[in-house]
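Undergrad: The following block contains the structure, expressed as C-alpha cells.
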Amino acid sequence: MKPKAKASNVYLVDLRGSMESSVLDRLKTCVRKAGLHKIGREGDLLAVKLHFGEKGCTAYLRTAYVRAVLEAMEASGCVPFLTDTNTLYVGSRSDSARHLRTAFEHGFSYGSMGVPTVIADGLKGGNYDSIKIEGQHFDEARIASDIARADSLLVLTHVKGHELTGIGGALKNLGMGCASRAGKLAMHSDVRPYVSKDRCTGCSKCIEWCPAGAISVKAKKATIDSDLCIGCAECIVVCRFKAIRIDWDMSVSLVQEKISEYALGVAKTKKKIGYVNFIMDVTPQCDCYPFSDAAVVPNVGILVSLDPVAIDKASADLINAQPALPGTALKLAKGKKKRDQLKHLFDGLDWTIQIKHAERLGLGTSRYKLIKV
Ligand code: SF4
Ligand code: SF4
C-alpha cells in the first residue's frame, strides 16, 4: 500500500486585532513562519499574482493586506511586481491598457503599493510560453509569458464561490488565472450552456455579455449557437432567471480537472510557489463580474502555505464550518446539522474534483496541519 503523504502546514491568521497584536503584523509573521520569504533568492523577479477585480466589483483583495505581504517578502531580497492576465470576455480587464487602468482605480498603483504592475500575457492576451505537462487532458499548458519567465511566484487569492468550480481558490488562481487567452479557451472548451425555454423571458441581457456573439433572441426566447460559444460561462451568471444551464456533471468535472493541469504547468516553471488565501468577503461569484453579491458566510481569516492543494482544502473546510449569513444567496440550513456550504451554493456542484485531480497530479496533498498564528 502506498504510504499516505505527509500533511502540509497551513498557517491561519484569524481576524481578531488589538493594540498588541494587529492582523497585519500577524500576517507578516505568518509569511515568514511558512517560509514564503525563502521561495526566491536575492535579485529574483518575483511575480505576485492577484486579481484586481472587474470594474464594479467591490470584494477584491484589500490593498492593506497585499502591502503587508509585500513588506514581509522584503526579507527575500526579491524584486516583486504585481501581475494578472487578461480576460476571455469583453470587460474592464480584457486588454492590458484597460486592465492597468482598472488596477490603478482599485488602488493597485505604484504610488500605493510601491511596486510596478505588469499584465503577464501582453497587450491582448496573446503572449504565452508553452509548458510541457503530462496530464489526462493536456500535454502542454499555455502560460502567460511574464509569469512563466518570472524567477519566483507568490499567489494571493481572494477565496469565494464560483459557478463552475464551486470554490475560487489558489488552484483556480494558479491554473486559470495564470493562463494566456489560448489557455483559458482550452480549459473552457467543454462548457456547453443551453437555454431553458420555460425560464427565458427574452430580456436579452445575456447577449450584451456574450463575448463570442453566440446568443440570439427570437420570439422572446434566447438560443445559443454551440459552434460560436467559447464556454466562458458569463451568460450563466448574468441571467437572473437562471434560464441558462449547463450539463453540470460533465462541464464541471472537465473544467476543474483542466484547471488543475494548468496549475501543474505553472508549478513546473518554479522551484517553489507561495500561497496566501484570504477567506473574507466570501461572495457567491468570482471577482470577474461588475458587481459583488453579499458575502454568504462570516469572514474567517487568512491562510498561508507552500501547498496549493492543502491551502484550498483548508479554505473549503473552514468555509463549510461557518453558518450561512441570512439574506444572502446561500439559503439558511434547516436545523443545526453541518452541511457543505459550497456545494449548497451551486445546486450540488462538487468542488472537490479540482483538489482530487491536483493531488493525483502531485501538486500537493489535501492532508493539512492547521497552525494558528
Ligand atoms: S438573460 Fe436569461 S432570460 Fe434574458 S434572454 Fe438571456 S437567457 Fe433569456
Ligand atoms: S454563450 Fe455563454 S458561455 Fe458561450 S460564449 Fe456566450 S457567454 Fe460565453
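Undergrad: Starting from the exponent 0.38 and prefactor 2.2 Å, build the expected Rg for region 308-373 from its residue count and divide its actual Cα Rg by it. Please list the in-between numbers first.
TA: On the way: Rg = 13.6 Å, N = 66, 2.2 N^0.38 = 10.8 Å.
Normalised Rg, Cα atoms only: 1.26.
Undergrad: Sticking with this structure for a sec: Can you sort 351, 209 by how many other beta carbons sit within 10 Å, fewest first? The partial results should precede the final answer.
TA: Details: 351 25, 209 18.
Fewest-to-most Cβ neighbours within 10 Å comes out as 209, 351.
Undergrad: Please give the peptides 318-328, 298-308 ranked by average Cβ packing (other Cβ atoms within 10 Å per residue), highest first, as a rough proxy for protection. Don't skip to the answer; put the middle values down first.
TA: Working: 318-328: 15.4, 298-308: 23.5.
Ranking, from highest mean packing down: 298-308, 318-328.
Undergrad: What is the Cα coordinate range of region 158-314 on the first, second and third principal axes, sorted by size from largest, in whole angstrom?
TA: So the extents along the principal axes, rounded to whole Å, are 55, 34, 25.
Undergrad: Which order do peptides 213-222, 28-37 fall in by mean Cβ count within 10 Å, highest first? Write down the numbers at each step before the final one.
TA: Working: 213-222: 15.1, 28-37: 20.8.
Order by mean packing, descending: 28-37, 213-222.
Undergrad: Also, quick follow-up: Write down the Å³ per residue value for the convex hull defined by the alpha carbon atoms of the chain.
TA: 145 Å³
Undergrad: Given springs between every Cα pair under 10 Å in a Gaussian network model of the chain, which of 269, 165, 85 has the largest fluctuation?
TA: Judging by the Gaussian network model, the answer is 269.
Undergrad: Mind checking which lysines have their C-alpha under 28 Å from residue 124, skipping anything on the same chain fewer than 8 residues away?
TA: 49, 55, 132, 160, 172, 184, 205, 258, 268, 270
Undergrad: Specify the angular offset, from 0 to 90 degrees and rounded to the nearest 10, of the alpha carbon long axis of helix 23-33 from the longest principal axis of the alpha carbons in the chain.
TA: 70 degrees
Undergrad: Turning to a different aspect of this structure: Roughly speaking, what % of Cα-Cα pairs in region 120-205 are separated by over 22 Å, rounded to a whole number? Mind dumping the intermediate values first?
TA: Numbers: 1488 of 3655 pairs.
Here the tail beyond 22 Å accounts for 41 percent of pairs.
Undergrad: Which percent of the Cα-Cα distances in region 192-245 go past 18 Å? Provide the component values of the computation, followed by the final result.
TA: Working: 213 of 1431 pairs.
Percent of Cα pairs beyond 18 Å in region 192-245: 15.
Undergrad: With the crude spin-label approximation of a point 7 Å out along Cα→Cβ, what separation in nm comes out for residue 137 versus residue 241?
TA: Between residue 137 and residue 241, the simple spin-label model gives 3.1 nm.
Undergrad: Over its Cα atoms, what ratio of radius of gyration to 2.2 N^0.38 Å does region 51-180 give?
TA: Details: Rg = 14.7 Å, N = 130, 2.2 N^0.38 = 14.0 Å.
Normalised Rg, Cα atoms only: 1.05.
Undergrad: Kirkwood hydrodynamic radius, region 235-347, all distinct C-alpha pairs: what's the number in Å? Each step should come with its number before you reach the end.
TA: Values: mean 1/r = 0.0617 Å⁻¹.
Here the Kirkwood hydrodynamic radius works out to 16.2 Å.
Undergrad: Counting Lys and Arg as +1 and Asp and Glu as -1, each charge on the Cβ, what is the dipole of region 1-84 about the Cα centre in debye, to the nearest 20? All intermediate terms of the calculation are to be shown ahead of the outcome.
TA: Values: 14 positive and 9 negative charges, 100 e Å.
It comes to approximately 480 debye.
Undergrad: Taking the beta-carbon count within 10 Å as an exposure proxy, list 20, 261, 208 from fewest neighbours to most.
TA: Working: 20 6, 261 25, 208 12.
The order, fewest Cβ neighbours first, is 20, 208, 261.
Undergrad: Next question, about the same structure. Given H placed 1.01 Å from N in the peptide plane, which residues other than close sequence neighbours of residue 371 have an amide H under 5 Å from its amide H?
TA: 10, 11, 12
Undergrad: Whole-Hz Karplus ³J(HN,Hα) for region 59-67, in order, using 6.51 cos²θ - 1.76 cosθ + 1.60 and θ = phi - 60°, x for Gly and Pro?
TA: In residue order, the calculated couplings are 9, 5, 4, 7, 5, 4, 6, 4, 5 Hz.
Undergrad: For the chain, set up a Gaussian network in which alpha carbons nearer than 10 Å are linked by springs, and say which option among 196, 109, 92 fluctuates the most.
TA: Result for the chain, Cα springs under 10 Å: 196 fluctuates most.
Read-outs throughout are calculated quantities, based only on the coordinates presented, and are distinct from any laboratory measurement. Nothing here was measured: the structure is a model prediction, and the numbers come from that model. Ideal geometry is used to build each Cβ from the backbone, glycine not excepted, and the neighbour counts take in all protein chains shown.
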